[in-house]
Amino acid sequence: MGSGIRDVSEVRVGRLLARPGDGPCLYGATITLRDGRVAAVEASGDPASAGEGRRFIALPALTNPHDHGRGLRHVAVGARDQMFELWRPALYALPPLDPYLNAAVAFARQARAGVGSIVEVYSSIRTDRLLDDAIAICRAARDVGVRLSFVVPMRDQMTLGYAPDDDLLRRHDPRDHDLIRRTWLYPFPSPGEYMEVVKAVAAACEGPLVTIQYGPNSPYACSDALLERLAAASASDGRRVQTHLLETHTQREWADATYKGGYLRHLDALGLLSQRFSGAHGVWLRPEDCDLLAERGAAIAVNTSSNMRLRSGIAPVGQFIKSGLDFGIAIDSFSFDDDDDAFCELRLTHWLHSMSYAEHALTPGRLFGAALKTGFRIANNADGYGAIEPGAPADLVLLDYEAMAYDAMAGMVDETDIVLTRACNRFVERVYVAGREIVRDGKVLGIDFDAVEAELLARARAEHAYMDTIRPVLQRSQATLASFFKSGGHRAG
């Protein structure tokens, strides 16, 4: 625990959305906390009775059920927004980063945005350093004070794209082959070795606020043997599984060409789909896919801003609702304004999927159910979240309601409407996780954020020579991949 984080026994606020989107606003509320949970909630009916807390409105802290924990943002190293399949290789330009610094900056930004639970899908599968990296990342989460689900990354095929690596490498400029082999391609662990890595990470890192998940990078990047093995392990130990799932149209075309009997049916036959499974994105899921996932009790992590920035499309949330498929709302290290604004992400998702003509609209109740209840389950493998009531986890976010609603006419505006319309980073004042205050006056308490971010950037800039070397190779690789996809190479089956 960072030196500034403290246990809290009582929180007093002028307004309380105890059941956001599904209940009235309570006034002059006192929330009693004990042993990391809500012990009691009382309301006087008068905001002024909260004293100094009268300007705040409280609701359950938000969740981020899919992220990559990147303190150094993508565009800072030239990974500009574009088609996902061309953007992804640009991540190889990321310089070697200290995993603690990178994660601490990312987690602190999210905590300042009102997020209490985070799923980090780690991007490196270098098993020689994965345990040490995981320990450092989980320590960063503990120092910041957030709940963390660390997703152990796994893949054993198709690093370069939707074809065997040797085939795609031959398409690349011969002068780049050696660097690509040394930097991007290396021997993959066996399924058994991956399971041992998960056990080691879990033994070293799991705790009251940290869980571990299996993380097949994407089903296309994993052999059937690996998927089958991790599905069986998940069924045995109860740990969750998260993977990227049909994020792009190109992936959909590859899946259709490769699995004539149905992509999701194939994954189901391997035992992958269950109540422990979550798929990130799901932009190109079809109705029958959604029905199957719902039948299995699975969930989707929707990433609205990321899908727009990477030109992937808009998730079929209306179909999710129709099928009864649970979904959470995530940031994916790719927020709309590159600022990890979780409330903005909620607002964009709400707008897109609550059109007046929508047959299955994303109502405020459904929105907050996704953002809180489902997001928490994906992140923490636990139910019982989404309301501030006795027995619930004591994760709260306090917004400066008086500043948000400075011009609101008395009796004319509903508090939920103000939150949905105006809540954003600058109004987040305090955040509590498991009954501990981790943000106060908009500042994280567990780390010196400015100093940690400055150190991260200084170390990244010191690696400029590496980035200079890799950049022309990446540009040629992106041109090669663009030609491959344009020619329909991914549809070869």
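The values are calculated or read from the model by the stated rules, or taken from the named source; none is laboratory data. Since the structure is predicted, the reported quantities are computational estimates derived from the model, not experimental observations. In this analysis, Cβ positions are derived from the backbone assuming ideal geometry, glycine residues included, and neighbour counts consider all displayed protein chains. Ligands, DNA and RNA are excluded from the accessible area calculation, which covers all protein heavy atoms including side chains. Shrake-Rupley method; radii C 1.70, N 1.55, O 1.52, S 1.80 Å.
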Mind running the shape call on the range 238-315? Use the C-alpha gyration tensor, a ≥ b ≥ c as the square roots of the eigenvalues: rounded below 1.5 for a/c, prolate if a/b tops b/c, oblate otherwise.
oblate
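If you put +1 on each Lys and Arg Cβ and -1 on each Asp and Glu Cβ, how big is the dipole of the chain around its Cα centre, in Debye rounded to 20?
580
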Once you put a point 7 Å from the Cα of Arg440 and another 7 Å from the Cα of Arg459, both along the Cβ direction, what distance in nm separates them?
2.8
Using all C-alpha to C-alpha distances in the range 133-251, build P(r) with 10 Å bins and read off the rounded percent in each one.
12, 36, 31, 17, 4, 0
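Using a Förster distance of 22 Å, how high is the FRET efficiency between Arg181 and Asp256, based on the Cβ-Cβ distance and rounded to 0.05?
With a Förster radius of 22 Å, E is 0.10.
Give me the net charge of Gly78's neighbourhood, meaning all other residues with Cβ under 12 Å from the Cβ of Gly78; Lys, Arg count +1, Asp, Glu -1.
Net charge around Gly78: +1.
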Give me the angle, in degrees from 0 to 90, between the Cα long axis of helix 224-237 and the longest principal axis of the Cα atoms of the chain, rounded to the nearest 10.
30
Need the full-extension length gain, Arg170 to Lys199, defined as separation in residues times 0.36 nm minus the C-alpha distance. One decimal, nm.
6.8 nm
Sort out for me the Cα centre separation of the range 315-362 from the range 426-480, rounded to whole Å.
25
When the charge dipole of the chain is computed with +1 at the Cβ of Lys and Arg and -1 at the Cβ of Asp and Glu, the Cα pointing farthest to the positive end, of Leu17, Leu59, Ala235, is that of Ala235
Residue separation times 0.36 nm, minus the C-alpha to C-alpha distance between Tyr466 and Glu228: what's the value?
81.9 nm
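Report the antiparallel proportion of the DSSP beta bridges in the chain as a percent, rounded to a multiple of 5.
Roughly 50 percent of the DSSP beta bridges within the chain come out antiparallel.
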The percentage of Cα-Cα pairs in the range 263-357 separated by more than 23 Å is 25
Å² per residue, accessible surface of the range 357-493 at 1.4 Å
46
Might you list the cysteines of the chain that have no disulfide-compatible partner by the rule of another cysteine's Cβ under 4.7 Å?
Cys25, Cys222, Cys290, Cys344, Cys424
Dipole magnitude of the range 189-318, debye to nearest 20 (Cβ charges: Lys/Arg +1, Asp/Glu -1, about Cα centre):
240
Two-site label geometry, Gln157 and Asp132: point separation in nm, points 7 Å out along Cα→Cβ
3.2
Rounding to the nearest 10 and keeping the result within 0 to 90°, find how far the Cα-based axis of helix 464-486 lies from the longest principal axis of the chain.
70
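Leaving out ligands and nucleic acids, note down the accessible area per residue over the range 152-235 with a 1.4 angstrom probe, in whole Å².
41
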Low-density loop trypsin sites (Lys or Arg not before Pro), the range 63-152, at most 13 other Cβ within 10 Å, DSSP non-H/G/I/E/B, are Arg80, Arg126
If the chain between Met409 and Asp337 were fully extended at 0.36 nm per residue, the gain over the current Cα-Cα distance would be 22.9 nm
Roughly how many percent of the accessible protein surface of the chain is carbon and sulfur, given a 1.4 Å probe and a whole-percent answer?
49
